[in-house]
Amino acid sequence: MAGYGVILAVSALASWLLTFAARRLAVRCGVIEALSDRKVHKDPTPTAGGAAMFVAFLAAMAAASRMGTFRDVFQRSTEPLGVVLGASVIFGVGLLDDIREVSAPAKVAGQVFAGSVLYLFGVTMFFFQVPFAGFISLSADLEPLLTVAWVCVITNAVNLIDGLDGLAAGIVAIAAGAFFLYSHRLSETGLLPTDSIGPLLAVICCGVCLGFLPHNVHKAKIFMGDAGALFLGLLMATSTMVVGGRTADAFSGQKFFFFAPIFIPFVILGVPMLDTGWCAGRSSEHAVRGPRCWRRGTSSTSTTG
């Protein structure tokens, strides 16, 4: 655990320090989240926090590669290089969207490319878990398809919850921290190989979120933007793939931690989603009498009283 503790500290400290620089650079370059009726924030806010998180990730990976604790991880496979390259692709796509808006198809294409890079360097799942039905052994044709699909689903799920100060970073920090403890326990009991990159990615993901959170809690001084949200999603997708998708042996908690990155955002946003759907239905039903649920872009629950 000492080695992972060092990497957690490196990633958190680097993320915290680099966010100061990212904030100044974003203001200077005009990478600012403007005000609009669809936004919650009341002041223009820099939105380049993802850059600090990404560079902190690179620093933590470089530090881990120099430590004997992680020698097997970096010497036995090309997966670390694949993760760095895939993360670079997804970060670039998100940063471009933060600077100038990118269409949804273009962003999906970037996510597909990042997932393809992961697969080419061996970061993939060999088995897919079907809830209540066991495991499916993936063929050579299905491995790249499901790897790319998994990356797209998880990155968009994390991006979905990045709407309130500290929400995405806080949720991902908790999820990544819990997943690290779980995967490290599997490694200790011999259910996970010592060269698995899953626990390392989980602890780095937790660290960069913890370092970024002091800048992002209400009232946020900087946002992570799509660059940060998509990047965190890729780390979570990768860590769950190489832990939960590499063996058909069932063990406690396997299904929960495998699907948690998908379920958590929808649990967190369940009430707002239902409220939005209900109000949209009521508005269309009573269109003749005028809208009752929506007033200047907010729901009736936030305008009453």
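If I filter region 77-98 for residues that are buried (at least 22 other Cβ atoms within 10 Å of the Cβ), part of a helix (DSSP H, G or I), of a type in the set (Asp, Glu) and touching a Ser or Thr at 6+ places or on another chain (Cβ under 6 Å), do I get at least one hit? Yes, the conditions are met somewhere in region 77-98.
Looking at region 1-75, what helices (runs of 4 or more DSSP H) fall wholly within it and have at least 3 residues that are at pLDDT 90 or above and small (Gly, Ala, Ser)? Steps first, please.
Values: elements: 2-29, 49-65, 71-75.
Where helices (runs of 4 or more DSSP H) fall fully within region 1-75 and carry at least 3 residues being at pLDDT 90 or above and small (Gly, Ala, Ser), they are 2-29, 49-65.
With respect to residue 196, determine if the residue is farther than 19 Å from residue 53 by Cβ and crowded, with 24+ Cβ neighbours inside 10 Å. Walk me through how you get there before you give the answer.
On the way: farther than 19 Å from residue 53 by Cβ: yes; crowded, with 24+ Cβ neighbours inside 10 Å: no.
Here the answer is no, as residue 196 does not meet what is asked.
Looking at region 3-21, which of the residues that are farther than 17 Å from residue 177 by Cβ and small (Gly, Ala, Ser) is surrounded by the most Cβ atoms within 10 Å (Cβ to Cβ)? So the residue we want is 14.
Scanning region 176-209 for residues being out of contact with any Phe, Trp or Tyr (no Cβ under 8 Å at 6 or more places or on another chain), touching a residue at least 24 places away in the same chain (Cβ under 8 Å), more than 15 Å from residue 231 (Cβ to Cβ) and hydrophobic (A, V, I, L, M, F, W, C) gives a total of 2.
Whether a residue is small (Gly, Ala, Ser), over 21 Å from residue 98 (Cβ atoms) and buried (at least 20 other Cβ atoms within 10 Å of the Cβ) was assessed, and residue 187 does not pass this test.
Looking at this structure, is residue 207 crowded, with 17+ Cβ neighbours inside 10 Å, among the small types (Gly, Ala, Ser), in a helix (DSSP H, G or I) and modelled with pLDDT of 90 or more?
Numbers: crowded, with 17+ Cβ neighbours inside 10 Å: yes; among the small types (Gly, Ala, Ser): yes; in a helix (DSSP H, G or I): yes; modelled with pLDDT of 90 or more: yes.
So residue 207 fits the description; yes.
Scanning region 224-257 for residues that are modelled with pLDDT under 85 and either assigned to a helix (DSSP H, G or I) or under 19 Å from residue 93 (Cα atoms) (or both) yields 240, 241, 242, 243, 244, 254, 255, 256, 257.
The values are calculated or read from the model by the stated rules, or taken from the named source; none is laboratory data. This one's a predicted model, so the numbers in the text were calculated from it and none came from an experiment. Note that each Cβ is placed from the backbone with ideal geometry, even for glycine, and that neighbours are counted across all protein chains shown.
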